[in-house]
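A short worksheet on the structure shown next.
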Amino acid sequence: MSTLHQAPTGATSSTHPAEVLLRAEGLSRHYGRGKDSYLAVDGLDLTLHRGELFGLLGTNGAGKTSTLEVLEGLARPTSGSVHVFGHDPYRERRAVRPRQGLMLQTGGFPADLTALEALTMWSRTLSTPRPVLDVLADVDLTDRASTRISSLSGGEVRRLDLASAIAGDPELLFLDEPTTGLDPESRARAWELIASLKQRGTTIVLTTHYLEEAETLADRLAIMHRGRIVREGTVAEVVDGHAARIRVTLPADAPALPVLHGQANRSTSGRLEVTTPSLTSDLHALLTWARAARIELTGLDARAASLESVFLEIAGSSNLVEGRS
């Protein structure tokens, strides 16, 4: 993707500048009434600083989409408050909308328009649009400018959605699953573009079900579960204190295990799983024990704590796809 134009005067690439761009306090959102009511977001507090990229992750049905719609100003909260640039994004939409860009999970361009026509039409609704051809170049769609949307691939349509989100040179950018449908090469290029946007001072809220994407791009992130934020901070802070894991199959005649820091669970089939706060020490102890006992360790798998392991522990399953709440 092409290099973005230079940042305006005053833009900063600092990871945690003092200025607060977005603040949510006690944010709640209900659906329905009476016995059929559903609490999708439950007293959420969130602060976003200028120039940072914040990842918002959610387990299945966590309320992530419901939260995002309120932060974007597309819906009002049931209770609590949200301020973006010091304004209520729903009630004072005119003050907020020109300064933000939205990339929703699905776009809505007419299929019979070309990519150039669609982006040109969209740019005419913006207060400070960038040159359309420059924006198409940013998302690698220059050679597809004259192609009708109906003939674009799913990944190309997604890149056009991204182009519309950055066409107004927003200060605050919401990216809702921006790389869904992209091939690995296009996803890597999208990451480069998103990183360059942050570098030039754009503040970004990113939702994604690709945990590697959040680990790679986010300065800070939060994991939502059942309407609440249950983990928040840098990736290192979120992972800190979470146990590592060792898995291995032992022969039936293996002697008693050595003393380990972690908790060992050994099944009747010989499968051993160790959950440990000290991966290096316990792995060394197991290898030393196996060598002394002349035991062959098969299927050995040792993994440090990761964002994925934290997420899966919170989710209680391997399903990383969030349903709309």
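Picking from Asp176, Asp140, Asp169, Asp219, which residue would you name as being farther than 22 Å from His49 by Cα and acidic (Asp, Glu)?
Result: Asp140 is the single residue among Asp176, Asp140, Asp169, Asp219 that is farther than 22 Å from His49 by Cα and acidic (Asp, Glu).
Quick one: would you say Arg231 is closer than 30 Å to Ser281 by Cα and of a type in the set (Lys, Arg)?
Yes; evaluated as a whole, the condition is true for this residue.
Find all pairs meeting these conditions: Cβ atoms under 6 angstrom apart; at least six residues apart or on different chains; first residue within the stretch 76-89 and under 19 Å from Ile204 (Cβ atoms); second residue part of a strand (DSSP E or B) and open to solvent by 30 Å² or more (accessible area, probe 1.4 Å).
His83/Arg23
Kindly indicate which of Asp219, Asp183, Asp161, Asp176 is open to solvent by 10 Å² or more (accessible area, probe 1.4 Å), among the charged types (D, E, K, R) and modelled with pLDDT under 90.
Of the residues listed, the single one that is open to solvent by 10 Å² or more (accessible area, probe 1.4 Å), among the charged types (D, E, K, R) and modelled with pLDDT under 90 is Asp183.
Report those strands (runs of 3 or more DSSP E) wholly inside the stretch 49-167 carrying at least 2 residues which are in contact with an Asp or Glu (Cβ under 7 Å, 6 or more places away or on another chain) and under 30 Å from Ser309 (Cβ atoms).
53-58
Which strands (runs of 3 or more DSSP E) sit wholly inside the stretch 220-296 and have at least 1 residues that are in contact (Cβ under 8 Å) with a residue 60 or more places away in the chain?
220-225, 228-233, 244-249
Yes or no, residue by residue, for (1) open to solvent by less than 80 Å² (accessible area, probe 1.4 Å); (2) on the phi > 0 side of the Ramachandran plot:
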{"position": "Arg187", "(1), (2)": "yes, no"}
{"position": "Ala190", "(1), (2)": "yes, no"}
{"position": "Ile204", "(1), (2)": "yes, no"}
{"position": "Gly227", "(1), (2)": "yes, yes"}
{"position": "Val239", "(1), (2)": "yes, no"}
{"position": "Pro255", "(1), (2)": "yes, no"}
{"position": "Gln263", "(1), (2)": "no, no"}
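Considering the stretch 104-136 alone, what residues qualify as being touching a residue at least 60 places away in the same chain (Cβ under 8 Å) and under 23 Å from Glu177 (Cβ atoms)?
Listed by number, the residues that qualify are Leu104, Gln105.
The values are calculated or read from the model by the stated rules, or taken from the named source; none is laboratory data. A quick note: this is a predicted structure, and the numbers were derived from the prediction, not measured. When we count neighbours, we look across all protein chains shown, and the Cβ atoms used for this are built from the backbone with ideal geometry, even at glycine. Surface accessibility is based on the protein's heavy atoms, side chains included, excluding ligands, DNA and RNA. Shrake-Rupley method; radii C 1.70, N 1.55, O 1.52, S 1.80 Å.
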